[in-house]
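Please read the structure below before turning to the comments.
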Amino acid sequence: MSVATEKETAAATSAESALSVRNLWKIFGPRADRIIGTPDAQLSRAELKAKTGCVAGVKDVSFEVAPGEVFVVMGLSGSGKSTLVRCLTRLIEPTAGSVLIDGIDVTTASDAQLRDLRRNRVSMVFQHFGLLPHRQVIDNIAYGLEIRGMKKKERRAKAEEVVSLVGLDGFSHSYPDQLSGGMQQRVGLARALAGDPSILLFDEPFSALDPLIRRDMQNEVIRLHRDLRKTMVFITHDLQEALKLGDRILIMRDGEIVQIGRPDEVVGAPVDDYVRDFVSEVPRSHVLTLKWVMREPRPDDSMDGPVMSCDTIVRQAAKAALASEHPVRVVEGDRVIGIVDDDAILRVVVAEEEAHQ
Ligand SMILES: Nc1ncnc2c1ncn2[C@@H]1O[C@H](COP(=O)(O)OP(=O)(O)OP(=O)(O)O)[C@@H](O)[C@H]1O
Ligand SMILES: [Mg+2]
């Protein structure tokens, strides 16, 4: 959802990362900490369970999230997404590994540092809104500020600022049960934003919403991200949602990373059948960029065709490309790196039609 130059910063080193996760493990069960570093750690989840009674929720996961990036974690139910995101602020205590947020080592943080982190730097939005039923919307939104010890007038003023940000104008004095599910989730979103955190963590926040409301809320997140540029970690089991929101997507299976990549990489080059299965239904022309369909330039190529960036989505390029008499010259910066003929465009579009028959 952001431009190419920002995506390129996604491979940031840990020094400049908003979030850095290194060799993170969470094993549930008796004497879980004794398993890491032994051959048992290499067992599959089922084998480990059978042998030791322990469940590997998260297995040796490492990744970096750049400031302002939207990083999506996706996988089937039970793949470890919630365990992973809860380990980030130690709502679940990791068994091993480290987590750095804004350069602060969460895994070795003192209680006071951890409190500061949860109150001021990181906010979570869950599927179940967790709203306080006897409090008005405005006081639900201000709840985190109240915990911080902010005075009523000040925190209500702050909460009022985010009310309009999430489209809740006019509902400040309603009670949660007077709102629809979508509106309640807006309150959850507003509450997360009120403290002006540097990172927002979402654990399947829209899974329980109707498809249309869900789409609205996804668009809301996109808009908020465009306006606020907050770093986001967004968990979902819905690939469409992942592709729509994510600058990059981490795909998990049985606690492990299967693939990390931009939407076009995951769709264009799935690493195995698990990922291929996920992406098989995706309309490729909506996700793949010209980089994925171009060929090498040849000396006899016309220099008169339209020029397009290699990051242009195929669908967006299709009309102009097909209308032109000459093939598209694909550029990265000023350099022509490839050519896209009509055939290449049509191949993607036709394959897509066939996939949906
Ligand atoms: N407290 C716990 N004790 C034992 N096992 C657990 C515990 N919490 C999670 N697990 C196991 O860890 C694995 C990962 O669970 P997790 O809830 O992280 O998956 P998920 O990807 O969030 O799934 P869903 O999409 O259903 O929310 C599962 O096998 C689950 O049964
Ligand atoms: Mg979960």
Those residues of segment 252-281 which are in contact (Cβ under 8 Å) with a residue 40 or more places away in the chain, of a type in the set (Gly, Ala, Ser) and surrounded by fewer than 19 Cβ atoms within 10 Å (Cβ to Cβ), in sequence order: SER280
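Going by the structure shown, is ALA56 surrounded by fewer than 16 Cβ atoms within 10 Å (Cβ to Cβ) and either more than 14 Å from ligand 1 (Cβ to nearest atom) or under 23 Å from VAL258 (Cβ atoms) (or both)? Before the answer, list the steps.
Numbers: surrounded by fewer than 16 Cβ atoms within 10 Å (Cβ to Cβ): no; either more than 14 Å from ligand 1 (Cβ to nearest atom) or under 23 Å from VAL258 (Cβ atoms) (or both): yes.
No: the conditions fail for ALA56.
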It is to be established whether one or more residues within segment 113-130 are over 30 Å from ASP177 (Cβ atoms), within 13 Å of ligand 1 (Cβ to nearest atom) and crowded, with 16+ Cβ neighbours inside 10 Å. no
Kindly establish whether GLU64 is acidic (Asp, Glu) and within 25 Å of PRO205 (Cβ to Cβ). yes
Restricting to segment 19-52, what's the tally of residues that are open to solvent by 40 Å² or more (accessible area, probe 1.4 Å), small (Gly, Ala, Ser) and within 11 Å of ligand 1 (Cβ to nearest atom)? 2
If you take the residues of segment 67-99 that are of a type in the set (S, T, N, Q) and more than 9 Å from ligand 1 (Cβ to nearest atom), which of them is surrounded by the fewest Cβ atoms within 10 Å (Cβ to Cβ)? SER98
Cβ pairs under 8 Å, 6+ apart or interchain, first in segment 66-84 and within 14 Å of PRO263 (Cα to Cα), second near ligand 1 (Cβ under 6 Å from one of its atoms) and not in a strand (DSSP E or B), ordered by first then second residue, are VAL73/LYS81; MET74/LYS81; MET74/HIS237
Qualifying residues in segment 282-320 (those that are in contact (Cβ under 8 Å) with a residue 24 or more places away in the chain and of a type in the set (Ser, Thr, Tyr)) - the one most open to solvent (accessible area, probe 1.4 Å): SER309
Tally time: how many residues in segment 226-255 are in contact with a strand residue (DSSP E or B) (Cβ under 7 Å, 6 or more places away or on another chain), within 13 Å of ligand 1 (Cβ to nearest atom) and in a loop (DSSP other than H, G, I, E, B)? 2
Restricting attention to segment 211-223, does a residue exist that is outside any helix (DSSP H, G or I) and within 16 Å of ligand 1 (Cβ to nearest atom)? no
Here are the criteria: (1) assigned to a strand (DSSP E or B); (2) open to solvent by less than 30 Å² (accessible area, probe 1.4 Å). Tell me which single one GLU64 does not satisfy. (2)
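The values are calculated or read from the model by the stated rules, or taken from the named source; none is laboratory data. These numbers were taken from a predicted model, which means no experiment stands behind them. Here the Cβ is made from the backbone with ideal geometry for all residues, glycine too, and neighbour counts use every protein chain on show. These accessible areas exclude ligands, DNA and RNA; they are computed on the full protein's heavy atoms, side chains included. Shrake-Rupley method; radii C 1.70, N 1.55, O 1.52, S 1.80 Å.
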